[in-house]
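Peer 1: Can you read through this structure? Questions will come right after.
The values are calculated or read from the model by the stated rules, or taken from the named source; none is laboratory data. Keep in mind that this is a model prediction, so the values were computed, not measured. No Cβ is skipped: glycine too gets one built from the backbone with ideal geometry, and neighbour counts run over all protein chains shown.
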Amino acid sequence: MTAPADPSPPDGGARARRTADSRALILEAAVDCLVEEGYAGASTLAVQARAGVSRGRLLHHFPSRAELLVAAAQYLATSSLAELQERATALMAGQPAGPARVDQAIDLMWATFHEPPFWAALELWTAARTDPALRRALQVEEKRLRAAIQAVADGIWGPEVTGAPVYGELCQLLFTSMRGVALVYAFEERTPATDPHVTLWKRLARRLLYGAPDE
């Protein structure tokens, strides 16, 4: 008698795709909750309902709320950085080094502080002050995110500027200042492009990099 054929082995590739799809679905739901409802509204139950997944599926991917929300912020930032890189490449193509390129680089940097990744991160930074578990999870991801942001910034500025001795300090000063100024936009209606700080940042960068006089 011929032995019955063994049942087909499970499709590991299909299972991996389903796992990746459900993870992405959960992360996208968490991002939406975090950006639209803030940290307080981004509970695991809210994310689960928005994603349309079971409790077990959510906890399988993200055992804690802190891990879920930090992963969501990282997911959002990674996709946004890729989009920023494409935007910067198109805008900077053919733009020679010099003060004009510096001005464009600052405009691009400033724009990122008015997009969802910044506000999602702000929600987590604020909550982390009194949430030790969130703070621990955030500290690990923040190091990776800062490195990714710096790599994109380097591409925006170009090799002439990134090779300048003052470049590292200038970047840190701009990032810190822009983050602080952007906080005001949480409760005031303003137009970012006409913020008076933009002119100040450009003037300071030109002076430090090229010794350009004030305009």
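Peer 1: Scan the stretch 111-139 residue by residue and report those that are in a helix (DSSP H, G or I) and without any contact (Cβ under 8 Å) to a residue 24 or more places away in the chain.
Peer 2: Trp125, Ala128, Pro132, Arg135, Gln139
Peer 1: With Ala153, Ala148, Ala111, Ala88 as the choices, which residue is more than 24 Å from Thr194 (Cα to Cα) and assigned by TED's automatic domain parsing to the domain that holds Pro196?
Peer 2: Ala148
Peer 1: What are the residues in the stretch 103-152 that are aliphatic (A, V, I, L, M) and in contact with a Lys or Arg (Cβ under 6 Å, 6 or more places away or on another chain), if any?
Peer 2: Matches in the stretch 103-152: Ile106, Ala128.
Peer 1: How many residues are surrounded by 16 or more Cβ atoms within 10 Å (Cβ to Cβ) and hydroxyl-bearing (Ser, Thr, Tyr) when one looks only at the stretch 101-139?
Peer 2: Final tally of qualifying residues: 1.
Peer 1: Do any residues in the stretch 31-58 that are hydrophobic (A, V, I, L, M, F, W, C) have Cβ atoms under 8 Å from those of residues that are surrounded by 12 or more Cβ atoms within 10 Å (Cβ to Cβ) and not in a helix (DSSP H, G or I), where the two are at least six apart or on different chains, and which pairs are they?
Peer 2: Cys33/Ala42; Cys33/Ser43; Leu34/Ala42
Peer 1: Scan the stretch 202-213 and tell me whether some residue there is at pLDDT 90 or above and part of a loop (DSSP other than H, G, I, E, B). Lay out the reasoning, then the answer.
Peer 2: Taking the stretch 202-213 as the starting set, the residues that turn out to be at pLDDT 90 or above are 202-209.
Retained after the next criterion (residues that are part of a loop (DSSP other than H, G, I, E, B)): none.
No: the stretch 202-213 contains no residue that is at pLDDT 90 or above and part of a loop (DSSP other than H, G, I, E, B).
Peer 1: Considering only the stretch 140-180, state which residues are part of a loop (DSSP other than H, G, I, E, B) and exposed (fewer than 12 other Cβ atoms within 10 Å of the Cβ).
Peer 2: Matches in the stretch 140-180: Gly163, Pro165.
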